[in-house]
1. Filtering region 30-59 down to residues that are under 19 Å from residue 99 (Cβ atoms) and exposed (fewer than 14 other Cβ atoms within 10 Å of the Cβ), which residue is nearest to the chain's Cα centre (by Cα)?
2. I'm told residue 294 meets every condition in (1) closer than 18 Å to residue 156 by Cα; (2) of a type in the set (Phe, Trp, Tyr); (3) modelled with pLDDT under 90 except one. Can you identify the failing condition by its number?
3. Exactly one of (1) of a type in the set (A, V, I, L, M); (2) loosely packed, with under 12 Cβ neighbours inside 10 Å; (3) touching a Gly at 6+ places or on another chain (Cβ under 6 Å) is unmet by residue 90. Its number?
4. Only one of (1) at pLDDT below 85; (2) surrounded by 13 or more Cβ atoms within 10 Å (Cβ to Cβ); (3) in contact with a strand residue (DSSP E or B) (Cβ under 7 Å, 6 or more places away or on another chain); (4) not hydroxyl-bearing (Ser, Thr, Tyr) fails for residue 77. Which number is that?
5. What number goes with the only condition from (1) of a type in the set (A, V, I, L, M, F, W, C); (2) closer than 27 Å to residue 111 by Cβ; (3) touching a residue at least 12 places away in the same chain (Cβ under 8 Å); (4) surrounded by fewer than 23 Cβ atoms within 10 Å (Cβ to Cβ) that residue 187 does not pass?
6. If you check 221, 228, which single one turns out to be more than 14 Å from residue 138 (Cα to Cα), at pLDDT 95 or above and buried (at least 20 other Cβ atoms within 10 Å of the Cβ)?
7. I'd like to know if region 197-214 contains one or more residues that are among the hydrophobic types (A, V, I, L, M, F, W, C) and within 18 Å of the chain's Cα centre (by Cα).
8. Any residue in region 84-96 that is at pLDDT 85 or above, among the charged types (D, E, K, R) and touching a helix residue (DSSP H, G or I) at 6+ places or on another chain (Cβ under 9 Å)?
Amino acid sequence: MTVLSVNEVTKHIKQILVSDPILNKIHVKGEVSNYVKHTSGHMYFTLKDKKSRLTCVMFSNRNRLLDFQIENGMKIIASGYISVYERGGAYQLYVNDIQPDGIGTLHLAFEQLKEKLEKEGLFSDKVKKPIPVFPQTIGLITSKKGAAIRDFLTVVKRRFPNINIILMPVLVQGPYASEQIANAINIFNEYVRTDVIVITRGGGSIEELWAFNEEIVARSIFKSEIPIITAIGHERDFTISDFVADFRAPTPSAAGELVVPVKREIYLKIKALKRRSELQVQKQITVNKNNLSYLSSKITTTMKDKVSQKQQEVDYRTQNLYKDFRILIERRKNRFINAVGKLNVLSPLKILERGYSITRKQYDKKTIKEISEIKNGDIIETFLHNGQIISKVQVIKKGDGYPCQ
């Protein structure tokens with residue numbers, strides 16, 4: 001009798017399962033339940049039908065390639081191989097790939113992202129920016145080849161020939177397209193400011209248009225401070241970018257018609273508006289003149305008399321004011337004359353005219369008031385009313401200040 005350990009039995013069963021060609025590459029469909037995504041990124045869930053359950057694991061290096069998120073209750077087709085988790089002693093499906101059962105992968109990814117962004121408010125009309133009526137510069141994001149750019153430019157140049165357009169050429173399909181489109185939006189916002197941005201490409205399958213369904217593009221459109229118009233594919237084609245954009249045009253040509261007005265039409269509208277304004281102003285002037293004439297004719301005789309009386313009163317007050325002013329001037333004149341007379345009486349010159357004189361030292365110009373202020377040999381200046389005497393002191397006599405006899 002051969003006795004095996006638990007580990008040996010588990011390994012034997014595992015070897016049988018791994019070597020089975022059917023179980024080594026198997027596709028299993030069922031409903032997802034007990035779904036858990038571990039912090040490591042690994043996904044654990046159970047596939048079930050009405051009769052059985054199968055434990056499944058999908059490691060992070062595999063599940064990060066999925067275009068959609070699995071959820072409990074979702075019906076899927078899981079591809080992988082059957083093996084045994086030795087520590088638990090249970091067989092399970094190691095999943096390499098998952099496809100939706102009954103619905104396309106891209107369609108499911110589209111609906112999931114659409115629902116997610118809608119819940120976050122990225123589609124709300126409240127956050128959409130108005131499109132400028134008269135943009136001076138348009139930023140254009142598209143392929144530099146193809147019908148889309150040709151149709152758009154043809155319409156824009158026909159409607160407004162001298163409009164400024166800045167082209168940011170990008171890939172519009174393929175694995176690198178979404179990143180280029182998002183970068184172009186960011187460049188316009190950070191470095192090349194325009195009045196509006198147009199994102200466009202021609203029609204195609206859902207796979208060809210998928211770059212415009214990527215989350216990175218949607219969030220760049222939402223964050224843009226510049227209004228964005230999308231014109232992607234044909235009228236029947238809708239992408240995630242269309243829902244986030246500030247305005248969706250059904251075709252590139254329609255975007256051209258939307259983004260700029262017809263220059264000739266603007267000119268005619270301005271001309272008509274100017275003419276209407278002139279007529280309105282002229283009409284208002286005529287009305288005002290008629291009203292003024294009517295009001296003038298309504299002034300009564302009593303009002304005219306009151307005006308005349310007021311005019312006479314003004315004349316009377318004016319005459320009195322002139323009279324009072326002349327009297328005031330005459331009084332000020334007399335006061336001035338009296339003041340001048342008093343100054344003349346007190347003036348030193350008048351005193352000199354009466355026979356007096358003023359004497360001062362020549363070298364310091366100080367007036368001599370006391371006999372003690374001079375000495376023999378000093379040069380003195382004596383001022384009379386009609387001249388000046390310069391003399392030298394030879395004799396000094398003290399006295400009572402009166403002239404000697």
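The values are calculated or read from the model by the stated rules, or taken from the named source; none is laboratory data. Here the structure is a predicted model, which is why all the values come from computation and not from measurement. So basically every Cβ, Gly included, is an ideal-geometry build from the backbone, and we count neighbours across all protein chains shown.
1. 33
2. (1)
3. Going through (1) of a type in the set (A, V, I, L, M); (2) loosely packed, with under 12 Cβ neighbours inside 10 Å; (3) touching a Gly at 6+ places or on another chain (Cβ under 6 Å) one by one, residue 90 breaks only (3).
4. (1)
5. Evaluating residue 187 over (1) of a type in the set (A, V, I, L, M, F, W, C); (2) closer than 27 Å to residue 111 by Cβ; (3) touching a residue at least 12 places away in the same chain (Cβ under 8 Å); (4) surrounded by fewer than 23 Cβ atoms within 10 Å (Cβ to Cβ) leaves (2) as the failure.
6. Values: 228 fails: more than 14 Å from residue 138 (Cα to Cα).
The match here is 221.
7. Pass one, region 197-214, residues among the hydrophobic types (A, V, I, L, M, F, W, C): 197-199, 206, 209-212.
So of that shortlist, the ones also within 18 Å of the chain's Cα centre (by Cα) come out as 197.
Among the residues of region 197-214, at least one is among the hydrophobic types (A, V, I, L, M, F, W, C) and within 18 Å of the chain's Cα centre (by Cα), which makes the answer yes.
8. no
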